[in-house]
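Remarks on the structure that follows.
The values are calculated or read from the model by the stated rules, or taken from the named source; none is laboratory data. Note that the structure is a prediction, hence the values are computed from the model and not measured. Cβ atoms come from the backbone with ideal geometry, glycine included; neighbour counts cover every protein chain shown.
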């Protein structure tokens with residue numbers, strides 16, 4: 001199997017390079033990055049089966065050339081509201097499978113339109129197979145499958161601003177706290193203001209209790225489309241310390257992040273590598289929690305919840321890696337464009353990720369007592 005890692009020198013992608021080096025089924029790895037010198041240097045670090053290449057993901061011809069000799073492409077090039085549809089379309093034209101960590105809801109809505117085109121080309125695309133979206137979708141599906149009548153799914157995540165992330169992630173945060181997003185309420189899709197819907201959630205350590213808000217991640221858009229019959233699917237996100245999320249919301253309200261160009265300019269100032277967001281009570285782990293409500297086969301009300309915690313790069317990269325390996329080894333055979341919950345079985349997928357060291361806890365207790 002030959003894998004191309006697009007954006008392979010970025011903060012998220014670096015976590016997957018050592019596992020790829022150790023994976024015996026992978027015979028060749030192409031680290032492709034806008035910075036070709038960094039890509040070549042990274043390839044030398046990881047051994048003979050690695051090759052570094054320069055690629056401009058906005059140059060379709062260059063992109064197709066880069067991915068055309070790989071079996072599966074792993075996508076780390078963000079922000080995804082700019083790149084996801086372009087890269088997926090190029091992979092379809094090249095006839096190459098694609099798995100990404102795309103997290104923006106509008107990126108999902110754009111790329112899902114390529115489903116029939118990918119299906120005809122014999123290409124499988126799984127968009128949003130990171131931690132959120134990704135693991136959160138699979139845990140939502142696990143909870144959905146555990147009940148006779150699932151009704152509500154509430155997905156929450158928060159990150160520590162002390163974690164290393166790149167400029168694309170900063171632009172992503174600006175994007176998801178700017179303007180509006182989509183949530184599923186009372187059995188229909190509604191548009192809400194980002195940064196509203198404030199609530200406090202009890203997450204695992206080291207985050208603990210944290211305030212979160214409506215944000216523009218993809219779960220509240222994809223899950224109700226793929227898991228029918230739900231009355232509610234909501235997505236809340238945050239950053240510790242909470243003032244970072246409030247600041248991002250306020251900047252969005254002022255219109256300073258209303259366009260990609262404005263986010264680009266501001267990210268150069270606010271990027272975490274510059275140390276702006278590294279403050280005393282920040283945490284170096286990201287966490288998520290999924291609450292599922294419904295009824296069992298006897299009509300009794302149930303509440304199951306699922307949590308996960310880990311360094312952001314690892315819990316984001318390992319699901320993407322497992323998806324790529326499953327496609328490359330023909331364990332996933334369906335063709336088209338899919339969110340994770342539309343194509344993967346949580347009972348087989350989640351143990352694969354857990355073996356990589358991603359800590360997840362399942363709380364499926366008895367019926368709710370009145």
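Checking residue 226 against (1) at pLDDT below 95; (2) over 17 Å from residue 291 (Cα atoms), which single condition isn't satisfied?
(1)
Scan the range 305-324 for residues that are assigned to a helix (DSSP H, G or I) and either touching a helix residue (DSSP H, G or I) at 6+ places or on another chain (Cβ under 8 Å) or surrounded by fewer than 21 Cβ atoms within 10 Å (Cβ to Cβ) (or both) and jot them down.
The first filter runs over the range 305-324 and keeps only residues assigned to a helix (DSSP H, G or I), leaving 312-324.
Within the range 305-324, 313, 314, 315, 316, 317, 318, 319, 320, 321, 322, 323 meet the criteria.
What's the number of the condition residue 5 fails, among (1) more than 13 Å from residue 74 (Cα to Cα); (2) in contact (Cβ under 8 Å) with a residue 12 or more places away in the chain?
The single condition residue 5 does not satisfy is (1).
What pairs come out if I take residues in the range 345-364 that are in the same structural domain as residue 18 (by TED's automatic domain parsing) and loosely packed, with under 14 Cβ neighbours inside 10 Å and pair them with residues that are modelled with pLDDT of 95 or more and not in a strand (DSSP E or B) whose C-beta lies under 6 Å away, six or more apart or interchain?
none
Given the structure, is residue 33 over 24 Å from residue 58 (Cβ atoms) and free of Cβ contacts under 8 Å to residues at least 40 places away in the same chain? Explain how you work it out, then say what you get.
Numbers: over 24 Å from residue 58 (Cβ atoms): no; free of Cβ contacts under 8 Å to residues at least 40 places away in the same chain: yes.
No, not satisfied.
Which ones in the range 93-117 are surrounded by fewer than 24 Cβ atoms within 10 Å (Cβ to Cβ) and modelled with pLDDT of 95 or more?
93, 94, 95, 96, 109, 110, 112, 113, 114, 115, 116, 117 - these are the residues of the range 93-117 that are surrounded by fewer than 24 Cβ atoms within 10 Å (Cβ to Cβ) and modelled with pLDDT of 95 or more.
Conditions first: (1) in a loop (DSSP other than H, G, I, E, B); (2) at pLDDT 95 or above; (3) in contact with a helix residue (DSSP H, G or I) (Cβ under 8 Å, 6 or more places away or on another chain); (4) surrounded by 14 or more Cβ atoms within 10 Å (Cβ to Cβ). Residue 73 passes all but one, so which condition is the exception?
(1)
Any chance you could count how many residues in the range 139-189 are outside any strand (DSSP E or B), surrounded by fewer than 20 Cβ atoms within 10 Å (Cβ to Cβ) and at pLDDT 95 or above?
6
Given 51, 93, which one is in contact with a helix residue (DSSP H, G or I) (Cβ under 9 Å, 6 or more places away or on another chain) and over 18 Å from residue 1 (Cα atoms)? Before the answer, list the steps.
Numbers: 51 fails: over 18 Å from residue 1 (Cα atoms).
Residue meeting the stated conditions: 93.
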